[in-house]
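One structure is given here, and the rest of the page talks about it.
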Ligand code: SF4
Ligand code: MSK
């Protein structure tokens, strides 16, 4: 009987095939189960999410709650009378919860940006000697966008200003964006004028980055803002402060310090780990850490030290957005997505996993305890309670020293490996490192670099439209299934895709980030463009903060002309197929506020408050030109985006051009036959 009870209580195991579409992942889930180690998929089998919480209608903003407001069976008939103890309606509760998610996401991106700004300021002040300014062209461009003079008049002659002076002033001006007492964010003026005017009219221009986040926490406290529209307005303002503020500054300052990405080849998936090398997996978000580890790993002294321990060398690989940062600037291979972090350790070949901030499972510490892996936390705001973890605080003033210390721990640990190692063989070639600058160069060439070629091909119909497909994985959906199905459906229908975050990693693992994939997966128009120009149909533009690159690329398309005068006029749409983080909500909200129709997969966190949801899905369009939507089915999801793109083509009067292009192609095919 006791045995039976024990068996009843035993953890249900996830089905590896149903958990992921990726073979390496399936294999490693099975391996974990064989070793008796639980992974996120097993835990998802055993703990179901709370339906009321999922729908956004549980409030715990005061100790009279939690107040749960389930939808009545059969839906709402007549007036919605649901209310919490204080009288908060379902709309108020859902709106408060929603914008608190925006606050969480905007805070995460913007605090990341602040850390980079601190390093940049230390470099500009010559207080840090391990980092340097790598891209002075970008420094000048950013300085100009922040209103910092890049020239100076001497004796009536205009001369270039000293680069050190520009850096110092840019650092001070950038830093002030987080907390200046008056004015508005300086980067708002980088948006198309029509969009800026919309923000002005709607009263959502952010004053500074931190203030908008603080104000969300204030407004959502019990008894403050009780109008879902007014709450949503503040959500928009904080999200704009993320996309056109904290995230954009993070991207720009990272490019200045570490170099603006350019396309380079690499590989993706767990198969990039090497059994005979010291494997260091770097996981998290801030390239401040990973950049220095890359420098340390190239040090001959370190390589020799690794060899002295019996390894053939040092193999760095990345996880989550750190992977994207290292890929786009150095071609460092990508070990996996958000959901694969435990699996990298389960290979038995991970000598150290080095983490900083965001998207790190606390359970990696438990998994590491089952192996020889050292789990090293490095950020003062992100530590773990498990005593088995090592904490080595990373400081920009002695960054290289810290990086070498971390690497030495990994190398020393190489000889502690157990003999049984299982690294899946799967890995795929990928090209990463696209950005506003490199897209311009690739489409226009050195002498006539511009977005006109892209616009021309949109106008003539070869490219039907542009999609930004981004975001996380979620253990409640089959790993990478939604990501890949949606992206494939889009490119099949001639929609070019810009990708970031874990969607980008999923696309890399599935072989969609190579120019060759165009002839296999694309519709005839997009395939022709990709083959002519030599680009993949899915352009990897970076990490989560680099969604700001998508905003600026869209702005460049508007500027190039012929496709309206605002981002909302473009045949474009956004998507987060497998989202899970608060950052995804903030990103979605700034896409919407910038005029983009944005569809989320898996679930939507306001479904228990239909009136508020209707506001997000329909009413917001009148204010900003963009709106939210939700669709769990990947093919329907992609077709909602395509329908929106076609609607915009029609409004621009370019729908007929596409029909002609398709007819030409059919004619050509008929002739060939
Ligand atoms: Fe309940 Fe109102 Fe308190 Fe929320 S704020 S927990 S709805 S009483
Ligand atoms: S890492 S936020 S799981 S994309 Fe930026 Fe991936 Fe989502 Fe984290």
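Summary of values
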item	result
Sorted by Cβ density within 10 Å, fewest first, the residues 291, 45	45, 291
Global geometry of the stretch 115-185, whether rounded, prolate or oblate, following the gyration tensor of its Cα atoms and the 1.5 cut on a/c	oblate
Spacing of the two label points (7 Å from each Cα toward its C-beta) at residue 456 and residue 11, in nm	5.8 nm
Per residue, the convex hull volume that the Cα atoms of the stretch 1-142 enclose (Å³)	330 Å³
Ranked by how many other beta carbons lie within 10 Å on average, peptides 495-504, 207-216, 253-262 from highest	495-504, 253-262, 207-216
Mean Cβ neighbour count within 10 Å, used as a protection proxy, ranking 89-102, 393-406 highest first	89-102, 393-406
Tensor-based shape of the stretch 332-458 (alpha-carbon gyration tensor, a/c under 1.5 rounded, otherwise prolate or oblate)	prolate
Relative contact order of the chain, pairs being alpha-carbon contacts under 8 Å that are 6 or more residues apart, as %	16 percent
Point-to-point label distance, residue 136-residue 64, nm (Cα→Cβ direction, 7 Å offset)	6.4 nm
Difference of contour (0.36 nm per residue) and Cα-Cα distance, residue 643 to residue 51	210.0 nm
Residue-averaged 222 nm ellipticity for the chain, from DSSP H runs of 4+ at -39500 (n - 2.57), nearest 500	-14500 deg cm²/dmol
Contour minus Cα-Cα distance for residue 201 and residue 218 (0.36 nm per residue)	3.8 nm
Residue 532 paired with residue 85, simple spin-label distance in nm, labels 7 Å along Cα-to-beta-carbon	6.7 nm
Highest-first arrangement of 152-159, 481-488, where packing means the average Cβ count within 10 Å	481-488, 152-159
Rg over Rh [alpha-carbon atoms, Kirkwood Rh] for the stretch 90-258	1.06
Counting all C-alpha pairs of the chain, share separated by more than 50 Å (%)	11 percent
Rounded if a/c under 1.5, otherwise prolate or oblate - the stretch 270-416, Cα gyration tensor axes	rounded
Inverse mean reciprocal Cα-Cα distance (Kirkwood Rh) of the stretch 66-162, Å	18.9 Å
Paired Rg and Dmax values of the stretch 281-331, which use every Cα atom, in angstrom	11.6, 32
Per principal axis, descending, Cα span of the stretch 245-326 in whole Å	47, 27, 22
Gain in span if fully extended, residue 516 to residue 655, counting 0.36 nm per residue against the direct Cα distance	47.2 nm
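Bear in mind these aren't lab numbers, they're just calculated from the coordinates by the rules spelled out. Predicted model, so just to flag it, every value in this text is computed and none were measured. Quick reminder, even Gly has a Cβ in these numbers, built from the backbone with ideal geometry, and neighbours come from all protein chains shown.
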